[in-house]
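To start, the structure itself, in structure tokens.
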Amino acid sequence: MALAEMLAAVKAGSAEEALLRRIDFARLPRHVALIMDGNGRWAASRNLPRVEGHRAGIESVRSVVETSARLGLPVLTLYAFSVENWKRPDTEVSALMGLLKHYLRLELNSLLRNNIKFHVIGQTDRLSAEIRTELEQAAERTASNTGMLFNIALSYGGRAEIVDAARRLIRDGVAADDVTEQTFADRL
Ligand code: FPP
């Protein structure tokens, strides 16, 4: 979206307008990655249950995703749920999955409207069939969009990625001496 169009969408004299005018569009990053953190602390500082922090975190995600797409950012990756997060109490994990499902249903139209291509990374096989179906549908419905690529990382982890790449090397029959940074990187 051109600056003029973006300016038309914000209130004249507002903080948003001042921020917009400070952006150097020629130096916009190609890829921004965010890690969701602090939801629990946000809730605790307001004497609210943790789930309210997650709900508020999702509100921030919605506005970051839409604003990034409007600014013309090519790729946004959101690290939302790590492999370590599976160790949280069952009630919290299922609340998070419920919020994810709700987000996908609610935001699909906005992703389509903003020409955003949705993609999931991480160990998706650990997610329930129901959540996987929701994710696949969102990815399929937005597959032909040509604007920002929005990656959501679920059940992600640095060590998990290394283990997965090692498994792929072994399955592909790569000999030990042929394991190089490149053959490894090809399987990440
Ligand atoms: C970080 O806060 C948040 C998480 C680990 C989970 C966030 C995931 C969701 C809200 C699920 C769906 C996501 C999207 C984007 C639809 P924390 O609980 O680690 O907070 P703390 O560090 O203050 O305890």
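The values are calculated or read from the model by the stated rules, or taken from the named source; none is laboratory data. If you're wondering where the values come from, they're calculated on a predicted model, not measured in any experiment. Heads up, the Cβs are rebuilt from the backbone with ideal geometry, glycines too, and the neighbour counts pull from every protein chain shown. The accessibility values were calculated without ligands, DNA or RNA, using every heavy atom of the protein model including side chains. Shrake-Rupley method; radii C 1.70, N 1.55, O 1.52, S 1.80 Å.
A few comments on the model shown:
- Index of the failed condition, VAL93 passing every other in (1) touching a residue at least 60 places away in the same chain (Cβ under 8 Å); (2) surrounded by 13 or more Cβ atoms within 10 Å (Cβ to Cβ): (1)
- Against the numbered list (1) closer than 20 Å to PHE150 by Cα; (2) open to solvent by less than 50 Å² (accessible area, probe 1.4 Å); (3) of a type in the set (Gly, Ala, Ser), GLY53 comes up short only at (1).
- Qualifying residue in segment 162-174 (condition: among the acidic types (Asp, Glu), open to solvent by less than 90 Å² (accessible area, probe 1.4 Å) and more than 14 Å from the ligand (Cβ to nearest atom)): yes
- Within this structure, LEU34 fails the test of being closer than 23 Å to SER155 by Cα, within 9 Å of the ligand (Cβ to nearest atom) and touching a residue at least 40 places away in the same chain (Cβ under 8 Å).
- Single residue of GLU66, GLU161, GLU130 found to be of a type in the set (Asp, Glu) and at pLDDT 95 or above: GLU130
- Taking the criterion of being assigned to a helix (DSSP H, G or I) and either among the acidic types (Asp, Glu) or open to solvent by 90 Å² or more (accessible area, probe 1.4 Å) (or both), the residues of segment 175-188 that qualify are ASP177, ASP178, GLU181, GLN182.
- Any hit, segment 39-48, residues being loosely packed, with under 13 Cβ neighbours inside 10 Å, without any contact (Cβ under 8 Å) to a residue 24 or more places away in the chain, within 9 Å of the ligand (Cβ to nearest atom) and closer than 24 Å to GLY157 by Cα: yes
- Matching residues, segment 49-75, being closer than 23 Å to ARG126 by Cα and more than 7 Å from the ligand (Cβ to nearest atom): VAL51, ARG55
- Filter pass, ARG168 being part of a helix (DSSP H, G or I), out of contact with any helix residue (DSSP H, G or I) (no Cβ under 7 Å at 6 or more places or on another chain) and either under 18 Å from THR77 (Cβ atoms) or among the charged types (D, E, K, R) (or both): yes
- Among (1) open to solvent by 80 Å² or more (accessible area, probe 1.4 Å); (2) of a type outside the set (A, V, I, L, M, F, W, C); (3) in a helix (DSSP H, G or I); (4) over 21 Å from GLY57 (Cα atoms), the one test that THR146 misses: (3)
- Residue check, ARG113 of a type in the set (Lys, Arg), open to solvent by 50 Å² or more (accessible area, probe 1.4 Å) and either within 14 Å of the ligand (Cβ to nearest atom) or farther than 27 Å from HIS31 by Cα (or both): no
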